[in-house]
Amino acid sequence: MSDPLFARFGREFQPGDVLFHEGEAGEVMFVIQSGAVRISKNVGGEDKLLAVLGPGEFLGELAILNGKPRSATATVVEDARCLVIEAKTHEAMIARNSEIALRLIKKLAKRVAWADALVEILMHTDPKARIMMALSRHADAFGQRTPDGVRLRTTTADIASEVGVDEHVAADVMARLRRLRLVSDETGEIVVADLGRLQEFLEFLETPQKHGTES
């Protein structure tokens, strides 16, 4: 069955294709129909992962809404099909369809929540906890549900860089989580086998004094 939207606005991209670079002027936004796109930002000369977005997500909307340069870089990491929407077309869609405007507001609110969660993680003093909190954040916000658990479109190295933790520390945390059967990464992809258990484990680590004093 043909997709009239894709026929009009669609483009296909391959892994490694850059949709836009940080600092560029923004003239279009993208709606991901399939595949995945990595969002990263240069911090102190180092590429920092912000998110990996999948089907149903959109990106690049802020630059066309506020007229400012792109705040991050978007790189395709899985074969992707995207709708490429110009600023004028986007404005016309919002004006004609209140549902599109509502979806945009909800997405923007969710982005703020993601950013707040990352700030909270970075403020945590325990590097091992930061890794687990980042895994939970990615699984909850960007993960793909599969029969084996929640698949993350990212790597241990990216997670470590994102939250400012040495890779060997991150590797130790992942090894422990594998032993607990909370995650697996045999295929090179991180899969959180039980997100609820991971979050319960994190909550337990966050309150060691409480658990040690309760009778």
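The values are calculated or read from the model by the stated rules, or taken from the named source; none is laboratory data. Fair warning: this is a prediction, and the values are worked out from it, not measured in the lab. In this analysis, Cβ positions are derived from the backbone assuming ideal geometry, glycine residues included, and neighbour counts consider all displayed protein chains.
For this structure, a couple of remarks:
- Selection of first residues in the stretch 190-203 that are small (G, A, S) and of second residues that are part of a strand (DSSP E or B), restricted to Cβ pairs under 8 Å at least 6 apart or on distinct chains, gives the following pairs, ordered by first then second residue: A193/G149; A193/V183; A193/S184.
- Counting only residues that are in a strand (DSSP E or B) and in contact with a Lys or Arg (Cβ under 9 Å, 6 or more places away or on another chain), the stretch 49-79 holds 12 of them.
- Entirely in the stretch 124-215, the helices (runs of 4 or more DSSP H) that have 1 or more residues that are at pLDDT below 90, out of contact with any Ser or Thr (no Cβ under 8 Å at 6 or more places or on another chain) and among the charged types (D, E, K, R): 127-142, 156-162, 195-206, 208-213
- Extreme residue, surrounded by the most Cβ atoms within 10 Å (Cβ to Cβ), among residues of the stretch 78-88 that are touching a Phe, Trp or Tyr at 6+ places or on another chain (Cβ under 8 Å) and farther than 11 Å from L19 by Cβ: I85
- Any hit, the stretch 4-11, residues being within 23 Å of T155 (Cα to Cα) and small (G, A, S): no
- Meets criteria (part of a helix (DSSP H, G or I) and among the small types (G, A, S)) for A115: yes
- Residue satisfying condition, being without any contact (Cβ under 8 Å) to a residue 24 or more places away in the chain, surrounded by fewer than 18 Cβ atoms within 10 Å (Cβ to Cβ) and farther than 27 Å from G10 by Cα, within set D140, D116, D148: D116
- Answer residue from the stretch 53-77, given it is buried (at least 16 other Cβ atoms within 10 Å of the Cβ) and among the charged types (D, E, K, R) and is farthest from V43 (Cα to Cα) among those: E57
- Pairs where the first residue, in the stretch 80-104, is farther than 15 Å from L59 by Cα and the second is assigned to a helix (DSSP H, G or I), C-beta under 6 Å, 6+ apart: M93/I100; I94/I100; I94/A101
- Flag: E24 matches the condition of being closer than 29 Å to V163 by Cα and either touching a helix residue (DSSP H, G or I) at 6+ places or on another chain (Cβ under 8 Å) or at pLDDT 85 or above (or both).
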